[in-house]
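> Okay, handing you the structure first.
The values are calculated or read from the model by the stated rules, or taken from the named source; none is laboratory data. Fair warning: this is a prediction, and the values are worked out from it, not measured in the lab. So basically every Cβ, Gly included, is an ideal-geometry build from the backbone, and we count neighbours across all protein chains shown.
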Amino acid sequence: MNHAVTLRPTPWGWMIVATFAVTLATLVLFGAVGGLMLLVGLNGVSERTGTYVIVAYALLVLAGNFAVAALLNWLIARRRYAGTRGAGWAPALVALGVTALTAVAGPPLAVVLMKILV
């Protein structure tokens, strides 16, 4: 019997699409709805304290987004490999890249979107 390891490419495309979908859902659910509820809840709190709470909430949302996206990417890679070889760092790197892109490009895009809508 030939037990040679079959090397198949990492499903980068599916992982990127899945990560963007998770990020979009995370930002809409926790960013827009949760952020609005947080702002309403912080009514009457000092600006200094409120800033720390908002930054902590944003970091928590980004960390949760990274964790869920990395898990989903790991599941995609695991399904794709189906026992041939491990996915390595690919799922976490894709999730980290999209999360970092969201953290850097998200706030300016949100300001532009608010200017367009209002």
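> Run residue 80 past the list (1) at pLDDT 80 or above; (2) surrounded by 12 or more Cβ atoms within 10 Å (Cβ to Cβ) and report the number of the one that doesn't hold.
If we test residue 80 against (1) at pLDDT 80 or above; (2) surrounded by 12 or more Cβ atoms within 10 Å (Cβ to Cβ), just (1) comes out false.
> Shifting gears a bit: Just the residues that are buried (at least 19 other Cβ atoms within 10 Å of the Cβ) and over 28 Å from residue 79 (Cα atoms), please, taken from the stretch 15-40.
30, 31, listed by residue number.
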